[in-house]
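The structure appears below as structure tokens.
The values are calculated or read from the model by the stated rules, or taken from the named source; none is laboratory data. Small disclaimer: the values here were computed from a predicted structure and weren't measured. Because the Cβ atoms are built from the backbone with ideal geometry, glycine has one as well, and the counts that use them run over all protein chains shown.
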RNA sequence: GGACUUGUAGCUCAGUGGUAGAGCGCUUCAUUCACAUUGAAGAUGUCAGAGGUUCGAACCCUCUCAAGUCCACCA
């Protein structure tokens with residue numbers, strides 16, 4: 001053994017070994033009870049940031065349960081991150097001197113698709129470097145055809161149940177990015193803007209937005225305001241920059257008598273409060289601002305000006321006409337900005353799809369209150385409930401191309417919306433007209449990721465073996481029978497086999513392995529012919545394919561795709577058991593508390609809804625997961641939030657290079673209570689790197705003492721007791737056993753911090769400082785058994801935290817055929 | 001405006017009503033022994049402040065102060 005542990009030469013080698021052996025698959029414990037975690041899918045297009053390294057918590061749980069003998073699944077995936085990704089792509093276009101308007105929708109989509117697919121391996125490679133034991137054979141992408149299909153189904157179900165509706169509502173619209181946003185995507189900033197006191201006939205009112213006055217449909221006062229009683233319900237004549245006009249005075253309690261003059265202009269199309277007032281008083285909507293941020297014809301001579309310019313000019317003219325009473329220049333207020341480009345959000349009336357969230361939220365609240373879903377740490381429960389109790393309807397339309405297009409078709413004859421499960425609708429269901437146009441919008445990304453647990457599990461057939469690649473080496477046609485050559489370790493006789501297209505993940509065949517040779521298994525018998533749609537000729541098949549995929553080039557060599565296509569129907573697959581039947585609800589949903597509302601709450605709402613829809617009556621099975629575990633955020637060494645704009649982002653990969661994955665993992669788990677933020681600490685990383693080296697040298701000592709004569713013992717704790725003759729040997733066995741119980745208890749309670757601290761303290765200050773120093777001088781066969789045996793137990797307990805160094809030591813001391821990752825946890 | 005989190009050694013942070021803890025840093029000594037060292041010993045605290053409950057409070061309650069985060073957003 002080298003004097004120093006070298007993580008650089010170890011980590012990649014060990015990871016490939018694990019992956020090749022198939023240890024990341026839950027099937028390594030075929031008889032274990034299911035334990036599952038779905039990885040929160042990182043943005044496919046972006047490299048990982050430090051927050052993602054915190055998913056180490058999930059790897060610890062998965063490795064722990066795999067060693068306990070559970071059928072442990074950790075399912076990876078990637079998110080298309082609709083708006084985020086399109087934003088980045090448009091920046092790239094900008095640098096090339098182009099814009100998204102230079103491309104047709106399909107072309108733009110294709111460009112972004114390639115861009116994302118090109119970048120996706122970066123993120124996946126980083127997850128591997130962290131040592132994450134994800135089952136890569138099951139990875140999913142939010143834009144996979146089968147996932148999209150499920151998203152479509154959910155949407156249609158919600159629509160049919162009246163939980164999705166189309167409405168003209170004010171939306172948070174960014175005129176710069178050309179799309180609307182949900183409430184969560186608007187950031188607020190304190191700004192100093194003049195407050196103008198404008199004369200409205202006999203009244204004076206205060207406003208920051210004089211340019212929107214062309215869209216005023218009323219003036220409001222408080223119903224009890226004695227100053228204005230005589231105007232309520234009357235029309236007043238006002239002088240404006242566009243001439244005389246008449247406007248109604250209404251009374252509404254929302255008016256604050258203390259603010260300004262106690263009089264408010266009502267501009268329903270450009271202010272959220274005014275919109276609600278207008279609904280109550282049945283006032284008309286008059287839009288004066290276009291979606292590109294300019295004024296429209298309602299603004300008369302100000303038409304075509306951008307909002308900012310229009311405001312300036314309107315004010316100047318008002319001053320010239322003596323319509324401004326006074327201006328408060330020191331007025332500060334908070335205005336909504338686009339979270340991405342930081343331009344002001346313009347409230348604009350737009351027809352959008354909304355999810356009626358109240359009934360869904362009610363169920364989501366109940367499952368947590370009843371303990372069907374437990375949230376750790378408990379304090380986060382409030383955050384969750386608070387959001388759901390005050391939830392407003394969710395705008396899921398986005399005016400961008402990069403996303404899942406909404407499967408809704410508007411009849412141009414009768415105006416009815418036809419919602420489908422993704423298929424193209426050509427005939428109106430209401431008036432039978434055949435002039436339908438699909439909505440150009442796409443879904444909010446969180447609408448699809450909100451369905452992630454059931455979507456990923458329903459589209460994985462992991463307990464069937466997956467074919468074509470890498471396990472299928474080649475395929476040969478012999479008359480009517482297709483023969484596949486398979487890698488020898490891939491299949492056993494009797495295995496059910498599924499053939500899946502590696503590119504788009506669609507399924508094109510099922511079979512059972514019927515005959516085995518020594519090294520290859522060749523013959524596959526398709527037992528269930530009903531899955532095949534048969535065509536009389538290849539040409540016919542190709543024609544059918546072309547009809548639905550006009551853009552795709554079809555040649556005889558695309559045959560695999562053709563099959564893939566014909567099998568791509570969930571109806572056909574419904575009776576085929578999927579991972580869903582085994583692993584749903586998942587055991588743990590682990591993520592940062594910052595997306596509790598964005599993501600977790602929505603998964604609960606949509607998850608319960610879809611399960612009930614499918615007739616699941618068992619409340620335990622309606623929820624998408626049983627436990628929610630929330631970790632804190634990682635801040636920079638000064639305690640500031642890492643962000644690109646601050647320029648203080650630390651690339652996790654650099655730290656992996658410098659300190660090794662094990663040290664980084666241990667540092668993140670150690671010294672911070674679950675759910676609390678932590679600051680990146682280089683001294684802690686350094687301490688943990690020293691700890692890996694300490695472990696390594698403990699192994700060196702054992703190897704040294706063996707002198708080639710003594711064989712390290714891999715006996716279980718109870719058996720070790722037989723070899724413990726000396727009182728100190730007896731003591732260390734007992735202490736190790738106690739530690740094992742403690743670590744087990746702490747991991748079951750998601751207390752990673754204390755588990756890590758106990759391991760660190762025991763390994764260094766108990767095992768090394770005291771026991772090894774003691775046993776040094778009295779090594780014999782028995783004490784050596786105890787020394788190596790208890791050390792192996794320690795390695796096992798440490799393995800979920802520090803998988804690489806422990807596995808490498810294990811290989812060196814106990815043999816290359818022994819794998820810690822699939823070894824048995826020291827206690828049951 | 002509403003809520004949440006945090007405040008403990010020089011720094012980063014654990015702490016479960018019962019003697020105040022770890023890592024890094026600091027001081028002294030030992031050491032080339034499995035250990036880019038490591039080991040032994042040591043110093044360092046008004047547990048943000050005030051009040052209360054309790055036999056007993058860093059921990060429970062109230063208030064104040066400070067830092068941070070989230071939510072709602074009134075012209």
Subset of region A:658-702 that is at pLDDT below 90 and at positive phi - its residue that is farthest from RNA strand B (Cβ to nearest atom): A:675
Near pairs, Cβ below 7 angstrom, 6+ apart or cross-chain, from region A:96-110 (within 18 Å of residue A:404 (Cβ to Cβ)) to any residue that is part of a loop (DSSP other than H, G, I, E, B): A:105/A:401; A:106/A:551; A:108/A:401; A:109/A:401; A:109/A:402
Qualifying residues in region A:621-641 (those that are more than 11 Å from RNA strand B (Cβ to nearest atom) and assigned to a loop (DSSP other than H, G, I, E, B)) - the one nearest to residue A:9 (Cα to Cα): A:624
Residue list for region A:642-657, filter: within 14 Å of RNA strand B (Cβ to nearest atom), within 20 Å of the chain's Cα centre (by Cα) and part of a helix (DSSP H, G or I): none
Residues of region A:334-367 classified as under 17 Å from residue A:609 (Cα atoms) and in contact (Cβ under 8 Å) with a residue 60 or more places away in the chain, total: 10
Residue match in region A:737-750 (condition: free of Cβ contacts under 8 Å to residues at least 12 places away in the same chain, part of a helix (DSSP H, G or I) and over 47 Å from the mean Cα position of the chain (by Cα)): no
Number of the condition not met by residue A:707 [criteria: (1) exposed (fewer than 14 other Cβ atoms within 10 Å of the Cβ); (2) free of Cβ contacts under 8 Å to residues at least 60 places away in the same chain; (3) at negative phi]: (3)
The lone exception for residue A:757 - which of (1) within 9 Å of RNA strand B (Cβ to nearest atom); (2) in contact with a helix residue (DSSP H, G or I) (Cβ under 8 Å, 6 or more places away or on another chain); (3) closer than 22 Å to residue A:666 by Cα it fails: (2)
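Listed here are the residues, each with its yes/no results for (1) at pLDDT below 90; (2) within 16 Å of RNA strand B (Cβ to nearest atom); (3) part of a helix (DSSP H, G or I).
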position	(1), (2), (3)
A:762	no, yes, yes
A:776	yes, yes, yes
A:800	no, no, no
A:807	no, no, yes
In region A:677-716, residue farthest from residue A:755 (Cα to Cα) [restricted to those that are assigned to a loop (DSSP other than H, G, I, E, B) and in contact with a strand residue (DSSP E or B) (Cβ under 9 Å, 6 or more places away or on another chain)]: A:680
Flag if residue A:374 is more than 14 Å from RNA strand B (Cβ to nearest atom), at pLDDT 90 or above and out of contact with any strand residue (DSSP E or B) (no Cβ under 9 Å at 6 or more places or on another chain): no
In region A:256-276, residue surrounded by the most Cβ atoms within 10 Å (Cβ to Cβ) [restricted to those that are within 9 Å of RNA strand B (Cβ to nearest atom) and over 16 Å from residue A:198 (Cβ atoms)]: A:273
Residue A:734, sole failed condition from (1) surrounded by fewer than 22 Cβ atoms within 10 Å (Cβ to Cβ); (2) outside any loop (DSSP other than H, G, I, E, B); (3) near RNA strand B (Cβ under 9 Å from one of its atoms): (3)
Filter result for residue A:194 (more than 12 Å from RNA strand B (Cβ to nearest atom) and on the phi < 0 side of the Ramachandran plot): no
Meets criteria (modelled with pLDDT of 90 or more, within 28 Å of residue A:56 (Cα to Cα) and either in contact with a strand residue (DSSP E or B) (Cβ under 9 Å, 6 or more places away or on another chain) or within 15 Å of RNA strand B (Cβ to nearest atom) (or both)) for residue A:752: yes
Residue check, residue A:589 assigned to a strand (DSSP E or B) and more than 15 Å from RNA strand B (Cβ to nearest atom): yes
